Amino acid sequence: MSYFFRLVSFLILMIAFLFPCSVFADGTMNIPILCYHNFNPTVPGSMTLTPERLDAQFRWLKDNGYTFIPLQTAVEYLQGKRSSLPEKSVVITADDGWQSVYKYLIPLAKKYNIPVTLFIYPETISHGKNAMTWDELKELQATGLFDVQGHTYSHPNFKQAKRRMSSDAYQKFVANELGNSKKILEEKMGKKISYLAWPFGIYDSYLEDQAAKAGYAMAFTIDYRTANRGFRPMAQPRFMIIQSESMNTFEGLVKGANRKYYATGKNAGKDL
């Protein structure tokens, strides 16, 4: 496994060296959208990142001239409603509603003045062992730095659900996961929910259509690509950031991986 991560790190650094620009000749900008999960070092897992590493990443982004922009600003650009962004824009998101977001991310967001979008699935809030409470989410929202958006109701694996359910049952299941989640979040947070993050990065054309029908303006996955106007609105990619990636890998990813993974055309993206 260590060999695999060394190989990935080497490839990303080579991409950064060969393709350092994040703006294409036609003026289309790429936006690195970074996806985080858990920051509690006492709860190990494949998606855990220590607070110290997170601080180092934020500090590097600040020191190297990157501008943290709200996800909404990025969406406006991707939709063509905004003509430009700061050249080195980056977006921070955190999925699931881990309690460690409340403990570790708030101080860093305030320290660096970073807007953060939290993709939340309601089933776990105030119930999950390592999850935030509704009051904590409201406290985060009140800071003006944190924005809550949707992550389905129960964080299902849609691919597995589709295999084990009948067609009718699956359609009802999807409608509940997308619609009920949106309704609960809007009632609890007192705001409109416009964006969605696909659990496990799993989506297909049917799910994209249903998300649009449910009222989401844009949806995000995990594709290790840089978001741009070439991707479908319901399949905009993000980079998942994890502890096993070195700082050199992180730097290379932000600086240059976008150019390698750029996909052209209105049908760009992944369809599982």
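Just so it is clear, none of the values below were taken in a lab; they were calculated from the coordinates. Since this is a predicted model, take the numbers as computed values, not measurements. All Cβ positions, even for glycine, are placed from backbone atoms using ideal geometry, and neighbour counts span all protein chains on display.
Listed by chain and number, the lysines whose C-alpha is less than 25 Å from the C-alpha of residue 129, apart from same-chain residues fewer than 8 away, are 103, 138, 182, 183, 188. Taking a Cβ cut-off of under 14 Å around residue 56, the surrounding Lys, Arg, Asp and Glu residues balance to a net charge of -1, with basic ones at +1 and acidic ones at -1.
When 145, 71 are sorted by how many other C-beta atoms sit within 10 angstrom of their C-beta, beginning with the fewest, the order is 145, 71.
Region 79-104 and region 145-186 have Cα centres lying 22 Å from one another. Let me check against my output: what whole-number percent is the relative contact order of region 181-221, with C-alpha pairs under 8 Å and at least 6 apart? Computed value for region 181-221: 46 percent relative contact order.
Neighbour counts of C-beta atoms inside 10 Å place 155, 127 in the sequence 127, 155, starting with the fewest. Overall shape: oblate for region 18-168, with the ratio a/c of the largest to smallest alpha carbon gyration tensor axis at 1.5 or above and b/c at least equal to a/b.
Straight-distance candidates among the lysines for linking to residue 159, with alpha-carbon spacing under 17 Å and chain neighbours fewer than 8 residues away dropped: 172, 270. Please identify every one of the trypsin sites (Lys or Arg not before Pro) in region 53-85 that sits in a loop by DSSP and has no more than 14 other beta carbons within 10 Å of its own beta carbon. Counting only loop positions with at most 14 other Cβ atoms within 10 Å, the trypsin sites (Lys or Arg not before Pro) in region 53-85 are 81, 82.
Sorting 244, 166 by the number of Cβ atoms found within 10 Å of their own Cβ, with the fewest placed first, yields 166, 244. Straight-line cross-link reach from residue 62 at under 15 Å between alpha-carbon atoms covers these aspartates and glutamates, not counting any fewer than eight positions away in the same chain: 87, 251. Taken over region 2-261, the alpha-carbon convex hull comes to 131 cubic angstrom per residue.
Seen from residue 122, the other residues with C-beta closer than 10 Å to its C-beta sum to a net charge of +1, counting Lys and Arg as +1 and Asp and Glu as -1. Hand me the trypsin sites (Lys or Arg not before Pro) from region 93-192 located in a DSSP loop with no more than 15 other Cβ atoms within 10 Å, in residue order please. Sites meeting the loop and neighbour criteria: 129, 191, 192.
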